[in-house]
Amino acid sequence: MEEIKTGTFVVPGTFLSTVEEFLPGEGVYEEEGKVYSSCAGLVLVDLRTRKISVLPKSYPPVLKKGDIVLGEVEDVMPQRAEVNIESLRRNEERQLPPPKLGVIHVSQVSRRYVRDLERKFRVGDIVRAKVEEVGREMVQLSTTEDDLGVILAKCFRCNTPLRVENLKLGKLRCPVCNRVEFRKVAEDYGKGEPWGR
Ligand SMILES: [Zn+2]
């Protein structure tokens, strides 16, 4: 039998653990000291609370074109930035199903021509982006609209959150070390509203 861990797909009645190992959470039932799945879905093991749950298959929602997501930039290459999609506006509390890899192609960054993607995104930036296409392995994202783009960027040198100096140019400045960096920022950068207005 496959080892039961977070992300394992199970069907109703699958033995998950004993109650000594994990306490029953949601989507499970207990019988004679053993915990079983009560639905088809993905296993979620919470090591902190020692609870095991099953998220029903229809939950969480699947991404679709037009959804707005938040994610963290994980890699910036000449032609594309890779984003780890963290949450979805329709229900930000819920975890996302795979694929979580979002890709922003250089042509989908800004309405203007982008020559140097490293002046638009950096690893660790938090971005708000729109889903353009959902594939099996990855999600194509865009940040062309004014309300999309980086909503939080930290100074490459000292890790302090950067402040906007010129929104139109995407020019940011570090309030601590004075370093200047550039991004494709959302128009409400730094306002502390993850989903904007
Ligand atoms: Zn700095």
- prompt: What about L16, is it under 22 Å from V62 (Cα atoms) and assigned to a strand (DSSP E or B)?
  reply: no
message: Just to be sure before I move on: is L141 within 15 Å of the ligand (Cβ to nearest atom), outside any helix (DSSP H, G or I) and either surrounded by 19 or more Cβ atoms within 10 Å (Cβ to Cβ) or of a type in the set (F, W, Y) (or both) in the structure I sent?
response: no
- line: L55 fails exactly one of (1) touching a Ser or Thr at 6+ places or on another chain (Cβ under 9 Å); (2) more than 22 Å from V150 (Cβ to Cβ); (3) in contact (Cβ under 8 Å) with a residue 40 or more places away in the chain, namely (1)
- prompt: Quick one: is V103 assigned to a strand (DSSP E or B), closer than 16 Å to E72 by Cβ and in the same structural domain as D75 (by TED's automatic domain parsing)?
  reply: yes
field: Residue identified as away from the ligand (no atom under 16 Å from the Cβ), assigned to a loop (DSSP other than H, G, I, E, B) and within 30 Å of F9 (Cα to Cα) among R112, R136
entry: R136
statement: Apart from one, (1) part of a strand (DSSP E or B); (2) within 16 Å of the ligand (Cβ to nearest atom) all hold for C177; the odd one out is (1)
Meets criteria (crowded, with 18+ Cβ neighbours inside 10 Å, charged (D, E, K, R), within 16 Å of the ligand (Cβ to nearest atom) and not in a strand (DSSP E or B)) for R157: no
Number of positions in region 160-174 that are farther than 17 Å from V114 by Cα and either more than 15 Å from the ligand (Cβ to nearest atom) or not in a loop (DSSP other than H, G, I, E, B) (or both): 7
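The values are calculated or read from the model by the stated rules, or taken from the named source; none is laboratory data. Source: prediction; values computed, not measured. Please note: Cβ atoms are built from the backbone with ideal geometry, for glycine as well, and neighbour counts cover all protein chains shown.
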